[in-house]
1. What residues qualify as long-range amide H neighbours of His152, i.e. H under 5 Å apart, gap of 5 or more or another chain, H built at 1.01 Å from N?
2. Which aspartates and glutamates have a Cα less than 15 Å from the Cα of Lys180, not counting those fewer than 8 places away in the same chain?
3. Given contacts defined as C-alpha pairs under 8 Å and at least six residues apart, what's the relative contact order of the stretch 92-274, whole-number percent?
4. Give me the distance between the Cα centres of the stretch 184-207 and the stretch 254-294, rounded to whole Å.
5. How big is the charge dipole of the stretch 169-247 about its Cα centre, in debye rounded to the nearest 20, if each Lys and Arg gets +1 on its Cβ and each Asp and Glu gets -1 on its Cβ?
6. Charges only on Cβ, +1 for Lys and Arg, -1 for Asp and Glu: so what's the dipole of the chain about the Cα centre, in debye to the nearest 20?
7. If the only charges are +1 at each Lys and Arg Cβ and -1 at each Asp and Glu Cβ, what is the size of the charge dipole of the stretch 43-174 around the Cα centre, to the nearest 20 debye?
8. Order of 151-158, 68-75, 163-170 by packing, highest average Cβ count within 10 Å first?
Amino acid sequence: MKKLDAEQIEKFGRDLFDLIVADNLRDLYSQLKPDDYVSWKILTDNDDLGDIPWEFLQEPRTLSPRRTRCVVRVLQTVGLAPPEPLPRSGITRALLVSAEPVGLRNVGWQTIESRLRREYSSRLPLALDIMEGADSVSLLQALASKPYDLVHFSCHGDATGKDGRLVLVNSKTKQPDYVKARDIASALAGRGIRLVVLSACETSSQGSQTTSFSNIAETLIRLGIPAVIANQASIAVPSMAVFVGALYRELAQSGNIDKAMAEARLALSIELKGSPEWGVPTLHRLYGGAQLYI
């Protein structure tokens, strides 16, 4: 994603809106009230269209982000349907996976843990397991040991190779271990996981060559994960903590991942005081899968 300043981002967002909302659709859209909730669903298998930062979509004569507007990327899938929402009375089984290999900056996973516990535990029953210094073997063992509803990765991402990759830790050398998107997806698939949050840079960016596995977030959706939150560029560690806190707060309250994403982008925008970084996080999910809890 090309680096733009706040003014350029706003112009881009308004131009994008004018391009896709025209004629009769524009008339219909103008009848909406500011507090009417709208979820923009971007569904395309065109790589060029997929690379557009749709999250910066900007309505005329108003501000973005807003808590009543959300951009969602819906992947075209065949034979995949979202599972039934989880009951609010049940325990949410969560796994926080952290990886801080030697030579790379810390990812601040302790702050993520604190936000997750605080926002969930006051509203929904939570059982949280922590995996610190994860490598590919220990990750697979943890996933096989018990079922999880939510898996949150606090680590680094990498889109410089042919395929998208997450950066875990080599158990022997403590150096970076670059694990391909397809391997991460294979480890997570078929386990009943409802949501994967990738607190890692470039996890919804295409790799150096466009392939079926070059985007980590989309690879996870293709293999049956109902909803994935990722990042289409680099994002600062403190910013991610603010984003995650608002995300889990709204998710625990409404149970709706689209609404939770809107709240999280808004909180990020306020924290960043005008920086366009609020549009870096992306939401990918199956069609009809917005409601995670009932």
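Here, each number is a calculation from the coordinates, and none is a lab measurement. The shown structure was predicted, so the numbers you read here are calculated from the model rather than taken from an experiment. Quick reminder, even Gly has a Cβ in these numbers, built from the backbone with ideal geometry, and neighbours come from all protein chains shown.
1. Those qualifying (amide H under 5 Å, at least 5 residues apart or on another chain) are Leu95, Leu96, Val97, Val197.
2. Within the straight-line cut-off, Lys180 pairs with Asp135, Asp158, Asp163, Glu202, Glu218.
3. Once normalised by length, the contact order is 22 percent.
4. 16
5. 240
6. Dipole size: approximately 700 debye.
7. 600
8. 151-158, 163-170, 68-75
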